[in-house]
Every structure is written in structure tokens, then in C-alpha cells.
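Let me begin by presenting the structure, written as C-alpha cells, before commenting on it.
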There are 2 protein chains.
Amino acid sequence: MATITFFMLRGSDIMGSGQLLEMMRRRRTVRDYLPDPVNGEALQRILKTTTLAPSGADTLPYTFVVVTNDETKRRIREEAETVESDHPHSECDDLQKLFRETEIPTEKAFLTQAPVLIVVAGDTSKPYWLESTWIAIAYIILAIENEGLASLTYTPPKTEFLNSILEIPSEFAPQAIVPVGHARGKSTPKDSRPEGKIYHEKYG
Amino acid sequence: MATITFFMLRGSDIMGSGQLLEMMRRRRTVRDYLPDPVNGEALQRILKTTTLAPSGADTLPYTFVVVTNDETKRRIREEAETVESDHPHSECDDLQKLFRETEIPTEKAFLTQAPVLIVVAGDTSKPYWLESTWIAIAYIILAIENEGLASLTYTPPKTEFLNSILEIPSEFAPQAIVPVGHARGKSTPKDSRPEGKIYHEKYG
């Protein structure tokens with residue numbers, strides 16, 4: 001018991017400096033989910049992190065809609081697959097090429113497979129809304145990993161259908177659908193790839 | 001000794017589910033730094049996390065320039081304070097009002113006080129470069145907190161001067177200057193503010 005108490009005190013005080021790095025390495029984009037439900041307390045802890053990220057002038061310029069209803073998930077998937085085939089990121093040929101190269105399928109089965117979808121929308125009336133929304137998304141995906149759950153950040157090429165299905169006011173621009181669930185299969189941890197990305201004192 | 005070994009094994013294996021949340025609560029925006037240097041190994045661990053965040057089509061659309069040179073920091077501060085007074089986020093009256101209300105000073109002493117500045121720029125030629133860059137920034141500020149160090153994300157109203165001083169090519173758009181250092185004084189942990197931000201099944 002003394003040992004456990006010591007760990008709990010030490011653990012709640014500060015994480016080992018390598019632990020966060022290891023968690024960031026473990027977190028991978030997951031597109032294949034088991035039907036197993038997400039623990040309600042884990043989901044609550046994940047949602048608590050949403051508003052802890054810094055935001056422009058501290059305005060919290062975002063909203064989160066948690067979807068678990070099967071019919072709603074089915075409609076979201078249907079509309080997402082429609083916009084994917086109608087507008088395959090058509091404004092950007094490079095992106096299409098990249099998606100083909102990285103073998104990202106246009107079928108979005110994860111939108112109905114995962115038991116929970118968190119739809120994240122930014123409040124476009126606020127300063128730095130896009131930047132702030134994506135910092136918050138980073139917090140969420142790390143919190144999901146920290147619960148032993150899997151996620152990805154999926155941005156459809158058009159997102160107005162999310163406003164419509166979820167009754168999100170038009171000043172909010174949906175930025176990502178973040179499925180939450182148990183990964184089918186195991187991913188290998190990521191390696192850091194700092195080559196050509198980090199410079200000292202000046203670029204190059 | 002057995003106790004410590006137990007903690008280290010348990011600790012490196014998985015974080016307690018509350019630990020990440022506590023770390024996110026502790027991380028505050030810090031504008032006042034001690035002159036104490038940043039440990040080199042800690043900085044290396046922080047920089048390792050920069051490329052672990054997911055990015056659009058896995059293109060890592062960003063670059064990081066680590067600045068420790070006093071003269072370079074002095075020039076960055078001088079230019080930042082000039083653009084702050086010349087272009088005080090003038091395109092957005094609301095932002096000016098918010099900055100006044102939240103008492104954000106236009107003097108940017110932290111740019112010379114903090115021993116290290118990480119300048120983060122997004123590669124505008126890549127898809128989802130802005131979103132991806134801000135996810136990466138979130139990873140960095142958490143990694144900084146995890147080392148017991150402090151930071152903030154500072155975005156000047158104009159950023160071209162950073163391209164010029166740091167010789168960053170023009171296709172990269174500087175997004176933030178992230179000072180890294182030891183906080184002067186102690187901040188109280190943040191509270192989660194989910195009220196009006198999180199909805200279930202649909203907005204409202």
C-alpha cells in the first residue's frame with residue numbers, strides 16, 4: 001500500500017519527462033474501430049480538456065457536439081461520403097495526389113464504426129478562432145490517447161452539412177470530426193522526424 | 001529503491017488518466033520570465049515532440065527556428081513592438097477591445113527575458129498547413145509544461161519581420177513565437193469551462 005500511495009502522490013504531482021513524449025509517439029491516426037462502447041467517465045475526462053487549451057484573447061472560440069446516436073452518425077457518414085465524391089478537395093490537386101499516395105480511402109466507415117464522434121466547430125466571429133480551435137483539437141486527441149482510446153481528425157472537403165444535421169449556427173465553421181473508440185489492431189509508435197524541420201538561430 | 005523502481009516502470013508504461021488533465025490545468029500563459037537558462041536536454045525533448053502531431057496528409061507543413069542569441073531576440077522584440085504599435089490588430093476592433101479588457105500589454109519584454117524563443121512558421125504551399133501548424137504548437141506548449149518550464153503563444157499582428165530576421169523563405173508564414181523559460185512567480189491552475197461549449201447529439 002505504501003508503494004502505491006507513493007506512486008499516486010508522485011504521479012499526480014508531475015509526469016516523468018519521457019511519458020508525454022511516449023504518449024505522443026503512441027498516438028496514431030486510427031481508421032478502423034471495434035464496436036466496443038467508450039467508458040462514460042473516460043469521455044467526461046476527455047471533454048474536460050476541451051476548454052483548457054489557450055485561446056485567442058481567452059475567448060474559447062469553439063463548440064463541441066458529441067454524437068452517439070446511430071442514425072445521426074449514419075447521416076453524417078452519408079453526407080461526408082457524398083461531399084468526398086462530389087468535391088474531392090477539388091480546389092487542390094496536390095491534396096488529391098497526396099491522398100492517393102497516402103492511401104486514404106474515400107469511404108468513411110469510421111464515422112459509423114466509432115461509438116462516439118466529437119464534432120468540433122470554430123466560432124468565426126472571434127479573433128484567432130481557427131488557430132484556437134486546432135489547439136483545442138490537439139488537447140482532445142491527446143486526452144483520447146491518454147484514456148487508451150483511439151481517434152483521428154477528419155475534415156470533410158465541405159462541412160456545411162454538419163451545421164445542418166447538428167443544428168450548429170452558421171457562424172460556427174465545423175473544423176473536424178473526431179471519432180473516439182477502441183482501435184481494431186495495434187499501431188506501431190511514431191518516430192520523431194525533426195530532419196529539415198528544426199533550425200537554430202536562423203532558417204537553413 | 002524498490003519503491004522508486006516501481007514508480008518508474010509504472011510511470012513509463014502509462015500515465016494516470018488524471019495526470020494529463022492536471023498538466024493541462026497547470027499550463028498557463030506566462031509573460032514574466034526569470035533569466036535562468038533552459039536545460040539543454042529538456043529543450044531537446046521538447047523539440048522532439050514538434051513532428052509527432054498529426055498533419056494534413058502527413059506533410060509536416062511547418063518549420064521551427066530556435067533562437068537563443070541575445071541580439072536576435074532584441075531585434076525580434078524591437079520589430080514586434082513596432083508592428084504592435086503600428087498595426088494594433090487594426091483589422092479587428094473587437095480584438096483590440098478584448099486585448100484591453102484582458103490587460104495584455106503591448107510591451108513584449110518576454111521576447112528578450114525568456115532564454116529561448118521557438119519561432120513556428122507554417123508552409124503555406126501544403127494542404128491544411130495552418131491547422132497542422134497549430135496542432136504542432138499545442139504539442140510543444142504541453143511538452144514545455146511537462147518539463148516544468150513556462151511558455152506562451154504570441155502572434156504579432158504582422159509577421160514578415162520574422163521571415164526577414166531569421167531568413168525564413170516567404171512560403172512559410174510565421175504563426176507564433178513561443179518563449180521557453182522559467183516563470184517568475186507561480187500561476188494557479190486553470191479550471192475547465194465547458195459551460196455552453198459542449199453539447200450532446202445536437203447544438204443548443
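The values are calculated or read from the model by the stated rules, or taken from the named source; none is laboratory data. Values in this document were obtained by computation on a predicted structure and should not be read as measured data. Here the Cβ positions follow ideal geometry from the backbone for every residue, glycine too, while neighbour counts run over all protein chains shown.
Determine if the stretch B:24-31 includes at least one residue that is within 7 Å of chain A (Cβ to nearest Cβ), buried (at least 19 other Cβ atoms within 10 Å of the Cβ) and modelled with pLDDT under 95. Within the stretch B:24-31 (the criterion being within 7 Å of chain A (Cβ to nearest Cβ), buried (at least 19 other Cβ atoms within 10 Å of the Cβ) and modelled with pLDDT under 95), the answer is no, since none of the residues qualifies. Scanning the stretch B:35-52 for residues that are buried (at least 18 other Cβ atoms within 10 Å of the Cβ) and either aromatic (Phe, Trp, Tyr) or over 16 Å from A:GLY18 (Cα atoms) (or both) returns a single hit, B:VAL38. When the residues of the stretch B:126-145 are filtered to those that are touching a residue at least 60 places away in the same chain (Cβ under 8 Å) and more than 13 Å from the chain's Cα centre (by Cα), which remaining residue is farthest from the other protein chains (Cβ to nearest Cβ)? Once the filter is applied, the top-ranked residue is B:TRP129. Taking B:ALA121 as the residue in question, decide whether it is touching a residue at least 12 places away in the same chain (Cβ under 8 Å), assigned to a strand (DSSP E or B), within 11 Å of chain A (Cβ to nearest Cβ) and surrounded by 14 or more Cβ atoms within 10 Å (Cβ to Cβ). Taking the combined requirement at face value, the residue satisfies it.
Checked against (1) at pLDDT 95 or above; (2) surrounded by fewer than 16 Cβ atoms within 10 Å (Cβ to Cβ); (3) aliphatic (A, V, I, L, M), B:MET1 meets all criteria but (1). Considering only residues that are at the interface with chain B (Cβ under 9 Å from one of its Cβ atoms) and free of Cβ contacts under 8 Å to residues at least 24 places away in the same chain, which ones fall in the stretch A:164-194? Within the stretch A:164-194, A:GLU167, A:PRO169, A:ARG193, A:PRO194 qualify. Does B:SER164 satisfy the criteria of being at pLDDT 95 or above, surrounded by fewer than 24 Cβ atoms within 10 Å (Cβ to Cβ) and hydroxyl-bearing (Ser, Thr, Tyr)? When the stated conditions are applied, B:SER164 passes them.
Of the residues that sit in the stretch A:57-89 and are over 13 Å from A:THR106 (Cβ atoms) and at pLDDT below 95, which one is surrounded by the most Cβ atoms within 10 Å (Cβ to Cβ)? Result: A:ALA57.
Residues of the stretch B:90-120 that are hydrophobic (A, V, I, L, M, F, W, C), touching a helix residue (DSSP H, G or I) at 6+ places or on another chain (Cβ under 7 Å) and either closer than 15 Å to B:GLU160 by Cβ or at pLDDT 95 or above (or both): B:LEU111, B:VAL116, B:LEU117, B:ILE118, B:VAL119, B:VAL120.
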